[in-house]
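Structure first, then comments.
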Amino acid sequence: MTPSCAESGQFPVRVFGGPTARFEYGGLHFLTDPTFDVPGDYPVPGGLVLSKVSPPDGDPADLGHIDVVLLSHDQHPDNLDRAGRALLSGVPLTLTTPDASRRLGGKTKGLADWETIELQRPDGGTVTVTGVPSVHGPGPREKVEPFTGQVVGFVLTGEGLPTVYVSGDNASLHAVREIADRFAPVDTALIFAGAPRFAALFDDQCLALDSTQAAQAAEVLGARRVVPVHYDSWAHYTEGRDSLQAAFTAAGLAERLDWGRRG
């Protein structure tokens with residue numbers, strides 16, 4: 001049996017569906033990629049349409065106070081939708097890519113690879129957030145970004161705190177290895193998975209990790225706990241919870257999975 005968060009010393013994570021999760025860390029309240037719109041079709045530049053097929057497991061009123069949004073990127077509605085954009089105006093700080101920060105303005109800060117920011121904790125300590133590489137498609141970043149844009153992941157650290165990794169829409173195990181070289185072992189990894197695909201992009205190759213790669217990433221990171229996100233709610237995500245469970249079981253890592261508290 002997988003131990004509870006209390007038994008393992010891990011903080012709880014509330015998953016809202018898609019890429020959206022809320023957690024408290026170092027006394028600060030974090031939210032990843034806010035998406036709270038209803039199901040429907042959402043066009044994106046280039047003629048593609050993203051189809052949301054499931055509603056979120058909650059709405060912004062369920063969030064309570066949020067100190068920091070960790071926004072992997074702003075250019076796709078499955079990572080930042082209309083409701084998410086409205087939410088940002090009431091959040092003290094949004095950390096994202098340099099490009100997204102220029103587009104969004106307001107209370108945003110872009111983080112380049114390995115750039116850090118120190119956040120003051122209520123108890124007087126600090127949380128360090130480091131921007132880490134994330135590549136939203138197969139192949140080298142310089143060939144991927146012209147089509148899918150900049151994406152950033154995050155690592156959270158602090159004295160006496162666990163190490164937390166938030167992957168963003170990353171398809172690169174090479175990037176994961178770079179992150180592991182600096183931060184492994186990781187206590188909690190929020191891994192964006194789901195094997196998203198579009199026939200019109202990169203010959204239908206994955207735009208983020210598939211289930212087998214997510215398990216490989218967990219092993220590379222030495223992750224004590226993995227909270228999968230962004231594997232449901234949208235039609236272009238081709239591998240769901242069952243595929244993730246099977247891949248982690250095959251890798252001998254099933255006990256590391258934590259599906260997050262819902263509702």
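The values are calculated or read from the model by the stated rules, or taken from the named source; none is laboratory data. In this text the structure is predicted, and so the values were computed from the model without any measurement. Every residue, glycine as well, gets a Cβ built from its backbone with ideal geometry; the counts of neighbours run over all protein chains shown.
Could you grab me the full set of residues in segment 224-238 that are buried (at least 23 other Cβ atoms within 10 Å of the Cβ) and touching a helix residue (DSSP H, G or I) at 6+ places or on another chain (Cβ under 8 Å)?
Residues satisfying the conditions are Arg225, Val226, Pro228, Tyr231.
Can we say Val176 is surrounded by 20 or more Cβ atoms within 10 Å (Cβ to Cβ) and either of a type in the set (D, E, K, R) or not in a loop (DSSP other than H, G, I, E, B) (or both)?
Considered against the rule, which asks whether it is surrounded by 20 or more Cβ atoms within 10 Å (Cβ to Cβ) and either of a type in the set (D, E, K, R) or not in a loop (DSSP other than H, G, I, E, B) (or both), Val176 comes out as yes.
Show the residue pairs that are 6+ apart or on different chains and have beta-carbon atoms under 8 Å apart, the first residue being within segment 201-213 and closer than 23 Å to Val152 by Cβ and touching a residue at least 40 places away in the same chain (Cβ under 8 Å), the second being acidic (Asp, Glu) and in a loop (DSSP other than H, G, I, E, B).
Leu207/Asp169; Ala208/Asp169
Residues in segment 194-212 that are closer than 12 Å to Glu239 by Cα and surrounded by fewer than 22 Cβ atoms within 10 Å (Cβ to Cβ): how many?
3
Is it true that some residue in segment 64-81 is within 21 Å of Gly18 (Cα to Cα), at pLDDT 90 or above and loosely packed, with under 15 Cβ neighbours inside 10 Å?
yes
Out of all the residues in segment 33-51, which are at pLDDT 95 or above, surrounded by 13 or more Cβ atoms within 10 Å (Cβ to Cβ) and of a type outside the set (Asp, Glu)?
Once the filter is applied, which keeps residues that are at pLDDT 95 or above, surrounded by 13 or more Cβ atoms within 10 Å (Cβ to Cβ) and of a type outside the set (Asp, Glu), segment 33-51 yields Pro34, Thr35, Phe36, Pro39.
I need the strands (runs of 3 or more DSSP E) fully contained in segment 9-73, keeping only those with at least 1 residues that are within 16 Å of the chain's Cα centre (by Cα) and not aromatic (Phe, Trp, Tyr).
Working: elements: 13-17, 20-25, 28-32, 40-43, 49-52, 68-70.
Passing ranges, in order: 13-17, 20-25, 28-32, 68-70.
Of all residues in segment 129-145, count the ones that are touching a Gly at 6+ places or on another chain (Cβ under 6 Å) and of a type in the set (Ser, Thr, Tyr). Break it down into steps so the answer makes sense when it comes.
First pass over segment 129-145, keeping only residues touching a Gly at 6+ places or on another chain (Cβ under 6 Å): 132, 134, 144.
Next cut, of a type in the set (Ser, Thr, Tyr) only: 134.
So the answer is 1.
Are any residues in segment 196-237 assigned to a loop (DSSP other than H, G, I, E, B), modelled with pLDDT of 90 or more and under 14 Å from Ala171 (Cα atoms), and if so, which ones?
Matches in segment 196-237: Leu209, Asp210, His230, Tyr231.
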